[in-house]
Amino acid sequence: MRYKKLKTLDREVSRLIMGTMYLYNGSEEDGFRYLDMATEMGVNIFDSAQSYGDSEVTLGKWMKARGNREDVVVITKGCHLNQFRSRVHDFDLHADLYDSLAKLQTDYIDIYLIHKDDESYPVGKLMEALNEHYKAGRIRSFGVSNWRHERIQEANDYAAAHGLHGLDFSSPNFTLADYKADPWGPGNVSISGPKNAEAREWYRKTQMPVFSFSSLARGFFSGRITRELYEAQKNEDFNPMFLFMGKATKDQLSGHTEKIDPICANSFCFDENFTRLERCAELAEKKGCTIPQIAMAYILNAGLDVYPIVGAANKEELQSSIDALDIVLSPEEEKWLDLR
């Protein structure tokens, strides 16, 4: 595992962040096993959210049982939208933060992120609320998830003008793939693809740490998806949803047994991305690694201060991501992968 110091926390953290969405539907025993695996392999930073079901509860119980609260860095998020309203409000920030502290069984959170944004709400009120908890020691640093870089700059300009602590971190999507439809739902922000080149340049200049989610593009770079599989599932008599309804036949699958998530298919499965995928495969063969490792190496070598959030299901998957930290791509290889 590779580590890097987060200046605002003055401590070293693993370059991979372990996501805790896997804790949402699993048993407490499975959750403890998952978290133990991560720490045994060198992970010391975990990403959770108030909206991730029982993940905070399981993480809190695990830290108490292992007595390791000071050894790990906890990221959690609040102010997630719901069907009634945006919830990006200082009132919701206060309520969600106190709920998270209780669920995590701790009196402080290392990194607190506002999960979504509502640009109609004054950024100054959010910065005032975050600073209230920062000064009280309930959060040791803070940032945002799914905010446009212009809004982040506005928040930090407000903080500078009013003698406040600014945003330390950002958590957008970042992946090699471009997308033609929103793969994650309302309120999510990506810095991927040609249309977001300006955002990536802002992150290169500021070097604000990026906690990137969905770095393998909802499994597009898992190594299991191919252009041929997608074309087989595009047959006019074949609906990809049949895979999930038990109605697909062997003839319809043309011998393929893998399944493409319909959201991934709708968002990422188009010609330019398949060319990126095929170039990943070519470069992986040349370097003696895998497609997912090349896709991960792409964001790690992009000139941003990136910490990918991973959701490895087992030691093999986590080790694969750890090994990707050592892969060096040249600027020419970066451009070639991204069709530039």
Q: Would you mind checking which residues have amide H under 5 Å from Ser190's amide H? H placed 1.01 Å from N; only 5 or more apart, or other chain.
A: Asn173
**Q.** Relative contact order, percent, the chain [alpha-carbon distance under 8 Å, six or more residues apart]
**A.** 16 percent
Q: Could you work out the relative contact order of the range 1-55, using alpha carbon pairs under 8 angstrom and six or more residues apart, expressed as a whole percent?
A: 40 percent
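Would you mind giving the average projected area, over all directions, of the Cα convex hull of the range 1-43 in nm² with one decimal?
3.4 nm²
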Q.
Of Val57, His165, Ala199, which is farthest towards the positive pole of the chain's charge dipole, taken about the Cα centre with +1 and -1 on the beta-carbons of Lys, Arg and Asp, Glu respectively?
A. His165
Q | Of all accessible heavy-atom area on the chain, the percent that carbon and sulfur account for (1.4 Å) | A | 49 percent
Q: Note down the relative contact order for the range 138-240 as a percent, whole number, built from C-alpha pairs under 8 angstrom at least six residues apart.
A: 26 percent
(Q) Quick check: the angle from helix 123-136's long axis to the longest principal axis of the chain, C-alpha only, nearest 10 degrees? (A) 60 degrees
Q: Springs between alpha-carbon atoms under 10 Å, Gaussian network over the chain: tell me which of Ser120, Ser171, Ser55 tops the mean-square fluctuations.
A: Ser120
Q. Over the heavy atoms of Val57, what accessible area does a 1.4 Å probe trace out, to the nearest 10 Å²?
A. 40 Å²
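Averaged per residue, what accessible area in Å² does the chain show with a 1.4 Å probe, protein chains only?
Each residue of the chain exposes 45 Å² on average to a 1.4 Å probe.
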Q) Among Arg15, Arg69, Arg85, whose mean-square fluctuation peaks in a Gaussian network model of the chain (Cα, cutoff 10 Å)? A) Arg85
Q | Mean Cβ count within 10 Å, highest first, over the residues of peptides 139-146, 325-332, 187-194 | A | 139-146, 187-194, 325-332
Q: Run the dipole for the chain about the Cα centre, Lys and Arg Cβ at +1, Asp and Glu Cβ at -1, nothing else charged, and hand back the magnitude in debye, nearest 20.
A: 320 debye
Q: Please give the helix 28-40 orientation as an angle from the longest Cα principal axis of the chain, in degrees from 0 to 90, rounded to the nearest 10.
A: 90 degrees
(Q) If you fit an axis through the alpha-carbon atoms of helix 271-287 and take the longest principal axis of the Cα set of the chain, what angle between them do you get, 0 to 90°, nearest 10? (A) 90 degrees
(Q) Ranking request for peptides 76-83, 221-228: highest mean number of other beta-carbon atoms within 10 Å first, then the rest in descending order. (A) 76-83, 221-228
(Q) Take Asp30 and Asp99, extend 7 Å from each Cα along the Cα→Cβ direction, and tell me the distance between the two endpoints in nm. (A) 2.4 nm
Q | Per-residue ³J(HN,Hα) for the range 45-58, Karplus 6.51 cos²θ - 1.76 cosθ + 1.60, θ = phi - 60°, Hz, x for Gly and Pro | A | 9, 10, 10, 9, 6, 4, 8, 8, x, 9, 4, 5, 4, 5
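The values are calculated or read from the model by the stated rules, or taken from the named source; none is laboratory data. Bear in mind that the values here come from a model prediction, so they are computed numbers and not experimental data. In this analysis, Cβ positions are derived from the backbone assuming ideal geometry, glycine residues included, and neighbour counts consider all displayed protein chains. Ligands, DNA and RNA are stripped out before the accessible areas are found, and what is left, the full protein with its side chains, is counted by its heavy atoms. Shrake-Rupley method; radii C 1.70, N 1.55, O 1.52, S 1.80 Å.
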